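A short write-up of the structure that comes next.
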Amino acid sequence: MSSTPEPDPRLLAAHDLALAALHEITAPSTVGPAAGYTLEDDGVVSLRFGNTMEGYPGWYWTVSLAVTDDADPTVLEVELLPGEGALLAPEWVPWAVRLAEYQAAQAALAAEERENADAEGDDDLDDDEDESGEDDDELDDLDDLDASDFDDDGSPILHSGDVDGVDIDVLDESAPDDEDDDSDR
């Protein structure tokens, strides 16, 4: 039967060293009282201290310490780690996956609206026309967007002379032509 090795007492007593390391990366006011330790592989001990920063409930400042032979304890790593019940960000989901889920939800919603309209007998209006009789082709173009219409960073790919949604091919004909004025000077 294997037993859990005992931590080096020099590491457990190195609270001052651990606090000095913490105070190099964070204000002393953000460090709370000692909150235990964890024995890591190879005899490394991680001392935990409470965290007093707002927005990080359940997180702990952790200082990993080690000692070799007859040397003094040394700091290996200082970090802020979540404890049990800590608030964590949800797992990251790639934009293309989120877009596909959004498009599927929109398609399901549109199908449900069509079913409801058919059940109520509201097929008086063509799907591409609103009550004023105007065509909704511009809105149909939005439904055709997919991941290939966007760069890897999520920004829209510019099409045929559009810059940030402005058609640069259209010139303001009412603006005065300043080139003639410059040539007289």
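Annotation for segment 1-62: GluC sites (Glu not before Pro) lying in DSSP loop with at most 13 further Cβ atoms inside 10 Å of their Cβ are GLU54. Sequentially through segment 99-105, phi angles give Karplus couplings (6.51, -1.76, 1.60; θ = phi - 60°) of 5, 4, 5, 5, 5, 5, 5 Hz, Gly and Pro residues having no value and appearing as x. Ranked by the mean number of other Cβ atoms within 10 Å of their residues, highest first, the peptides 59-71, 76-88 fall in the order 59-71, 76-88. Remark: spin-label model distance ASP16-LEU80 equals 2.8 nm, labels positioned 7 Å along the Cα→Cβ axis. Once backbone amide H atoms are built at 1.01 Å from N, VAL31 has THR52 as its partners under 5 Å, excluding neighbours fewer than 5 places away on the same chain. Let me make sure I get this right: for segment 1-115, a, b and c are the square roots of the gyration tensor eigenvalues over alpha carbons, sorted descending. Under 1.5 in a/c it's rounded, otherwise prolate if a/b > b/c, else oblate. Which is it? Judged from the Cα gyration tensor, segment 1-115 comes out prolate (a/c at least 1.5, a/b above b/c). Where a ≥ b ≥ c are the square roots of the eigenvalues of the C-alpha gyration tensor, would you call segment 51-113 rounded, which needs a/c under 1.5, or, failing that, prolate if a/b is larger than b/c, or oblate? In terms of gyration-tensor shape, prolate. Ligands, DNA and RNA are left out, and with a 1.4 angstrom probe the accessible area of segment 49-127 is 75 Å² per residue.
The values are calculated or read from the model by the stated rules, or taken from the named source; none is laboratory data. Predicted model, so just to flag it, every value in this text is computed and none were measured. Positions of Cβ are generated from backbone atoms using ideal geometry, with glycine treated the same way; all protein chains shown enter the neighbour counts. Ligands, DNA and RNA are excluded from the accessible area calculation, which covers all protein heavy atoms including side chains. Shrake-Rupley method; radii C 1.70, N 1.55, O 1.52, S 1.80 Å.
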